[in-house]
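Student: First the structure, then my questions, so here it is.
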Amino acid sequence: MRIGELARRAGVSARALRYYEEHGLIRAQRAANGYRDYDEADVGLVAQIRSLMAVGFTLEDARPFVACLRAGHASGNACPESVAVYQRKLAEIDAEIQALVARRTEVATQLKQACPGCAIRRTK
């Protein structure tokens with residue numbers, strides 16, 4: 001399929017597909033006329049990349065998932081390398097949460113000092 005069709009089916013722009021290709025995540029064959037030609041499997045690869053990026057993964061993080069799919073697995077999550085990326089990303093998120101909680105505590109302390117009677121609101 002040509003780049004426009006893959007873009008439409010995957011819900012991304014042709015520019016995004018060229019970017020993924022530039023970074024080696026998807027590969028296009030070249031037709032005789034020079035146009036990019038993608039396989040049906042590329043729809044799944046792009047869906048995997050998009051779902052990972054939607055929750056904060058980088059293109060580099062997506063590589064093991066793409067490799068897993070290319071190896072014939074039904075899911076990019078099926079390989080140990082993908083699980084390791086999930087574990088690393090979860091640890092990063094936990095560290096970010098801890099840093100945010102520490103920052104919030106510091107700002108609340110400063111607010112109490114600046115305005116002893118001010119209410120400190122917690123949002124959920």
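Student: Taking K89 as meeting all but one of (1) surrounded by 14 or more Cβ atoms within 10 Å (Cβ to Cβ); (2) over 16 Å from the mean Cα position of the chain (by Cα); (3) not polar (S, T, N, Q), write down the number of the exception.
Tutor: (2)
To keep it simple, each residue is scored yes or no on (1) among the polar types (S, T, N, Q); (2) in a helix (DSSP H, G or I); (3) at pLDDT below 95; (4) under 30 Å from E40 (Cα atoms).
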residue: D61; (1), (2), (3), (4): no, yes, no, yes
residue: S75; (1), (2), (3), (4): yes, no, yes, yes
residue: S82; (1), (2), (3), (4): yes, yes, no, yes
residue: L100; (1), (2), (3), (4): no, yes, no, no
residue: C118; (1), (2), (3), (4): no, no, yes, no
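Student: Kindly evaluate R63 against the criterion of being under 14 Å from the mean Cα position of the chain (by Cα), surrounded by fewer than 15 Cβ atoms within 10 Å (Cβ to Cβ) and among the charged types (D, E, K, R).
Tutor: no
Student: Given the structure, is G72 more than 14 Å from the chain's Cα centre (by Cα) and of a type in the set (G, A, S)?
Tutor: Taking the combined requirement at face value, the residue satisfies it.
Student: Of the residues I49, I93, which single one is under 17 Å from Y19 (Cα atoms) and outside any loop (DSSP other than H, G, I, E, B)?
Tutor: Exactly one of I49, I93 is under 17 Å from Y19 (Cα atoms) and outside any loop (DSSP other than H, G, I, E, B), namely I49.
Student: Which residue pairs have Cβ atoms under 7 Å apart, sit 6 or more places apart or on different chains, and have a first residue in the stretch 9-26 that is in contact (Cβ under 8 Å) with a residue 12 or more places away in the chain and surrounded by fewer than 17 Cβ atoms within 10 Å (Cβ to Cβ) and a second that is assigned to a helix (DSSP H, G or I) and not charged (D, E, K, R)?
Tutor: These pairs meet every condition: R9/V43; H23/L59.
Student: Separate question: Which residue pairs have Cβ atoms closer than 8 Å, lie 6 or more positions apart in sequence or on different chains, and pair a first residue in the stretch 50-77 that is of a type in the set (D, E, K, R) with a second residue that is surrounded by 12 or more Cβ atoms within 10 Å (Cβ to Cβ) and in a loop (DSSP other than H, G, I, E, B)?
Tutor: Listed pairs, sorted by first residue: R50/V12; R63/L25.
The values are calculated or read from the model by the stated rules, or taken from the named source; none is laboratory data. Just so it is clear, the model here is predicted, and its values are computed rather than measured. Glycine gets a Cβ as well: all are built from the backbone with ideal geometry, and neighbour counts include every protein chain shown.
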